[in-house]
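Following: one structure in structure tokens, then a few remarks.
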Number of protein chains: 2
Amino acid sequence: MAKEMSEKDILSEENLKISKALRDLSDIEEKLEKIDEQVNKYRISITEPVFEERYNIIANIPNFWKTVLQTHPEFSDFIPVSDFKFLDLLKNLKVVMLSSTDFSITFQFDELKESNFPAQTLTKTFKLTKDITKLKYTSKLTDEQLEDMQEFGFLTSEPIEITWPSDYDSINPNKISMKTDKDFKQNYRAGMKTVFAWFNWTGLKHGKEFPNGDGFANLFMEDIYPHCLKHYIVAKRDIEDEVGESDSEVEEDEEELEGFNIDAINEDEQNKEPSQKKMKI
Amino acid sequence: MAKEMSEKDILSEENLKISKALRDLSDIEEKLEKIDEQVNKYRISITEPVFEERYNIIANIPNFWKTVLQTHPEFSDFIPVSDFKFLDLLKNLKVVMLSSTDFSITFQFDELKESNFPAQTLTKTFKLTKDITKLKYTSKLTDEQLEDMQEFGFLTSEPIEITWPSDYDSINPNKISMKTDKDFKQNYRAGMKTVFAWFNWTGLKHGKEFPNGDGFANLFMEDIYPHCLKHYIVAKRDIEDEVGESDSEVEEDEEELEGFNIDAINEDEQNKEPSQKKMKI
């Protein structure tokens, strides 16, 4: 201790000045963080009305979300193939930013009579928390993961009631029972992996609910929703390429796409990364 | 033609509605592009005064930029090792955004008497253009590269007068001559690769001036300048790790870093990517 004291005592005028400068730099960093948040809020506030307008336009384009989701490169990693039949019923989709970290996703499903699947509109809300004491199961998490969750936060969500299609009766957790089903565990696990189980995802039961539910939510919020036009155009092109130009259906597709300034969208896409990077703080 | 007309004629009410919706989506995309630019401008306007404040603080920290540049993972890829002796003289550095695409970088060098290198402050300005007719040499560029430059733009810059250190007399393009130097070509090329030749970079003479001069400029603008605090902290840590804890010089370094909220900076760094991605349009 004595040694430390004496070292502090002999700090020269110059060293004190440097220490002060480094503390000031730390304050600057905090200011830049706040600016980042402020810019995010500003972006949300001016983007929201345009997204709202877009939402109403997309409602007039049949199969818009089906087209986007079926061809999205990562979407299918999250759910079983059998789910696509029901995701094709998605009439419209909306992501609303509630703060710079929290958001809600609204799904508007059409009905599918043969599957006893009713038309239903569901809003699932995702909130960031740093409170790891909320976690119900932590056995599947490493100490490092827990530390990261405490430091940077993790997404949580309330379960949402959703009517499952009758196709899934044998794996629907509300319809199967440990007592009557001999393959209960296996069926329960299969059900847990469907998109319908995701609506029940809480973020608090790692290893015991829909896997990577936060990744699925973030995929909608970060990519699918903001970039849906780009994905739609890419999907339409892919479909055209696959069907071949002689098909009359394709000509119709091209007709539909005529009013669309594809170049403007691609240009935007390519310019976006650098211009975003530019002002990264 | 007749066929096309008849096809257009039979477009159903529904198809007309879809065509209209797709044109409307195209307008939405343009609006989102403008929002992106507007957000960028807003970010620049509120970041600029904080960067100005930071600039004045850094002026009080000896070897700040030397520390950052010497340990930056990519910086050394752009210049020869012999340049570092002179970059160590960098007293301060400033990047100013002139628009969402154009910027200037100001270098404030201290003198180095033994190299006849005077104290000098230089500002180099970079502007984006799409006018490829300005290019003086295009033989090193592919058709695809030229198309991209025309579509997305490329950086250009006016040459800046800089006094070279006498160490570089044998490769200094202002001091060597094709008539008197037998290794002229080789020396000229070696000179062209030094940071001093970069100040002469125009962006119009591909293959005949400082290589990847726009990449070097972008490195300062996108990474080194906005993230200099992070780089400084990482560099200081690396130096501490290398020297070992018993060294008294290190204790001084730790002392200096004491006032610094390192965790806050790291947290900001890790949180930044997702929050930026979040609202990507």
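Read the figures in this text as sums done on the coordinates, not as results from a lab. For clarity, every value in this text was computed on a predicted model and none was experimentally measured. Note that we place each Cβ from the backbone using ideal geometry, even for glycine, and neighbour counts take in every protein chain shown.
Sorted from closest to farthest, the other copies place their A:I46 label points 1.2 nm away, with each point set 7 Å from Cα along Cα→Cβ.
Between the alpha-carbon centres of region A:90-148 and region B:172-212 there is a gap of 58 Å.
Counting only other chain Cβ atoms within 10 Å of each residue's Cβ, the peptide A:124-135 averages 0. Taking max minus min of the alpha-carbon positions on each principal axis, region A:119-184 gives extents of 42, 33, 15 Å, largest first. Along its first, second and third principal axes, ordered by size, region A:164-219 spans 36, 22, 13 Å in Cα coordinates. Please give the FRET efficiency for A:S45 paired with B:N60, using the beta carbon to beta carbon distance and R0 = 45 Å, rounded to the nearest 0.05. After rounding to 0.05, the efficiency reads 0.75. Between copies, the label points of B:S76, set 7 Å from Cα on the Cα→Cβ line, lie 4.5 nm apart, reported in increasing order to one decimal in nanometres.
Between copies, B:A59 shows label-point distances of 5.8 nm, shortest first, with the point placed 7 angstrom from Cα along Cα to C-beta.
Here the calculated FRET efficiency for A:Q186 and A:S99, from their Cβ-Cβ distance with R0 = 45 Å, stands at 0.65, rounded to the nearest 0.05.
In terms of its C-alpha gyration tensor, region A:63-226 has an oblate overall shape, because the principal axis ratio a/c (a ≥ b ≥ c, square roots of the eigenvalues) is not below 1.5 and a/b does not outweigh b/c. Here region A:25-67 yields Rg over Rh of 1.36, to two decimals, using C-alpha coordinates and the Kirkwood radius.
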